[in-house]
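Student: Below: one structure in structure tokens.
A short reminder: the numbers here are calculations on the coordinates, not readings from a lab. None of these values were measured; they are calculated from a predicted model. Cβ atoms come from the backbone with ideal geometry, glycine included; neighbour counts cover every protein chain shown.
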Amino acid sequence: MIHATKRSQVEGERSVTPNSILAEILRDLVTASDAGRSATPVFRESLARAASLASGLDGYLEQCSSPPSSALVSLMQQTRDHDWDAAVHRGDVSKLVEKEMLSGPVEGLFLQMLLRISGAYRVLDLGVFTGYSALAMAEAIPDHGVVVGCELEPVVAQFARDAIDATGSTDAKKIKILVGDACETLKDLSAQNQVFDFVFLDADKANYIRYLTLLRENNLLVSGGLVCVDNTLMQGEPYSDIVSPNGKSISDFNEFVKQDDKLKKVIIPLRDGITLIQVDG
Ligand SMILES: C[S@@+](CC[C@H](N)C(=O)[O-])C[C@H]1O[C@@H](n2cnc3c(N)ncnc32)[C@H](O)[C@@H]1O
């Protein structure tokens, strides 16, 4: 193994988490490579250890968490089986849609846990895609609860409705999908005096600041309500040198949230990063 010092970025502290150990191994590998020591068995062994640390995490999280319901498994399969490229090429959708947009089992379980702990039952799902987060959340709220989903693309919203119903889930009836730009839908919901305890924000990243502002300005959230925001680590871009338009949007959003002392927030490094924001008053 190359890592001789076992020090994290914080001087004097040992690396004790998968990510900090991985970072340390990689830093040592760069140093070894710069010194021309990359063709050694030790180098290869460290490289293999780094690959194993990085590639094992997501599968292990899934293995050690509760299994998703059969309805969620079915929804995921229907999403995977659909030819999204063809839908994009036919012009059925105005923007790129791909099966990788689906949030997935561990994130679904995480949302369910938050809903059960908080007792939230009026839920807003901004960015439905094929309905995985919507159905996962519907499963975790009581029968009188509701998940209002907002989806821009009519074809995608219809797919979600059909796919959710095809799972045969008894929770499907709690889900209502509204088609259109979520900014407009939020204003409509406010005009109808609707309020929510919990929001999952997973639509277009460029509008994240706008969504959070609209939620607050239009009193769409109860006091103490939770906003759970997906992709706030955006493939690591906000803290690395690579910045795509989505990375810039997320970077700006994270800074916006950070600067607002009225918001209690924490970023969880689950999948592509989830920020939990509690909005008081
Ligand atoms: C990442 S996907 C959502 C994934 C979903 N939450 C899940 O758990 O599988 C983002 C979705 O937001 C939709 N979207 C993008 N811009 C939007 C907008 N302005 N208003 C409403 N939905 C939007 C996209 O069409 C896409 O279906």
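Student: HN-Hα J couplings of region 141-147 from phi, Karplus 6.51/-1.76/1.60, θ = phi - 60°, integer Hz, Gly and Pro as x?
Tutor: My calculation for region 141-147 gives 10, x, 4, 7, x, 9, 10 Hz in order.
Student: Further question: Of THR170, GLN158, SER74, which is farthest along the charge dipole of region 70-279 in the positive direction, counting Lys and Arg as +1 and Asp and Glu as -1 at C-beta?
Tutor: About the Cα centre, the residue reaching furthest to the positive side is THR170.
Student: Can I ask one more? Distance between the C-alpha centers of region 226-256 and region 120-178? Whole Å please.
Tutor: Their Cα centres are 26 Å away from one another.
Student: Kirkwood-based Rg over Rh for region 18-63 (C-alpha set), two decimals?
Tutor: Ratio of gyration radius to Kirkwood radius: 1.07.
Student: Kindly express, to the nearest 10 degrees and within the range 0 to 90, the angle between helix 182-191's C-alpha long axis and the longest C-alpha principal axis of the chain.
Tutor: Taking the Cα atoms of the chain, the angle to 182-191 is about 40 degrees.
Student: Okay, moving on. Under a Cβ-Cβ cut-off of 12 Å, what is the net charge of the residues other than ASP202 that fall near it, where Lys and Arg count +1 and Asp and Glu count -1? It would help to have the intermediate numbers written out before the result.
Tutor: Working: positive: LYS205, ARG271; negative: GLU107, ASP125, GLU151, ASP204, ASP230, ASP272.
Value of the local net charge: -4.
Student: Please tell me the relative contact order of the chain in percent, rounded to the nearest whole number, where contacts are Cα pairs under 8 Å and at least six residues apart.
Tutor: The value is 12 percent.
Student: Which is the longest run of the chain containing none of the trypsin sites (Lys or Arg not before Pro) found in DSSP loop states (not H, G, I, E, B) with at most 13 other C-beta atoms within 10 Å?
Tutor: Result, exposed sites excluded: 96-261.
Student: Find the eigenvalues of the gyration tensor of the Cα atoms of region 1-133, then list the square roots of 5 times those eigenvalues as equivalent ellipsoid semi-axes, largest first, in whole angstrom.
Tutor: For region 1-133, the ellipsoid semi-axes come out as 40, 22, 14 Å.
Student: By how many degrees, between 0 and 90 and to the nearest 10, does the Cα long axis of helix 105-118 differ from the longest principal axis of the chain?
Tutor: The answer is roughly 60 degrees.
Student: Per residue of the chain, what 222 nm ellipticity follows from adding -39500 (n - 2.57) for every DSSP H run with n ≥ 4, rounded to the nearest 500?
Tutor: Taken over the chain, the calculation gives -14500 deg cm²/dmol.
Student: Let me ask you something else. Using alpha carbons only, how many degrees (0 to 90, rounded to 10) separate the axis of helix 18-34 from the longest principal axis of the chain?
Tutor: So the inclination is approximately 40 degrees.
Student: Spelling out what I want: for every residue of region 174-181, take phi, set θ = phi - 60°, compute 6.51 cos²θ - 1.76 cosθ + 1.60 (Karplus), and round to whole Hz; glycine and proline get x.
Tutor: Listing the rounded values in order: 7, 9, 10, 10, 9, 9, x, 5 Hz.
Student: Continuing with this model, one more query. Hey, can you grab everything whose amide H is under 5 Å from the amide H of LEU124? Only 5+ residues off in sequence or another chain; H modelled, so Pro and N-termini drop out.
Tutor: Hits under the 5 Å cutoff: VAL148, PHE198, VAL199, PHE200.
Student: Sticking to Cα atoms, compute the Rg of the chain to one decimal and its Dmax as the biggest Cα-Cα distance, whole number, in Å.
Tutor: 21.1, 67
Student: Hey, what do the phi angles of region 233-240 turn into as Karplus ³J(HN,Hα) couplings, whole Hz, using 6.51/-1.76/1.60 and θ = phi - 60°, x for Gly and Pro?
Tutor: 9, 5, 6, x, 4, x, 10, 10
Student: Hey, can you grab everything whose amide H is under 5 Å from the amide H of LEU152? Only 5+ residues off in sequence or another chain; H modelled, so Pro and N-termini drop out.
Tutor: Under 5 Å from the amide H of LEU152: VAL128, GLY180.
Student: Here's something else I'd like to know. Using +1 on the beta carbon of Lys and Arg, -1 on that of Asp and Glu, and nothing else charged, what's the dipole of the chain about the Cα centre, debye to 20?
Tutor: Here the chain has a charge dipole of around 600 debye.
Student: Put +1 on the Cβ of every Lys and Arg and -1 on every Asp and Glu Cβ in region 18-63; which of VAL30, GLY56, PRO41 then has its Cα farthest towards the positive end of the dipole?
Tutor: Farthest along the dipole direction, towards plus: PRO41.
Student: Shifting gears a bit: Pick out which of ASP85, ASP125, ASP34 has the largest mean-square fluctuation in a Gaussian network model of the chain, springs linking Cα atoms closer than 10 Å.
Tutor: Of ASP85, ASP125, ASP34, the most mobile in the Gaussian network model is ASP34.
Student: Report for the chain the percent antiparallel among DSSP-assigned beta bridges with both residues inside it, nearest 5.
Tutor: Antiparallel: roughly 40 percent of the beta bridges in the chain.
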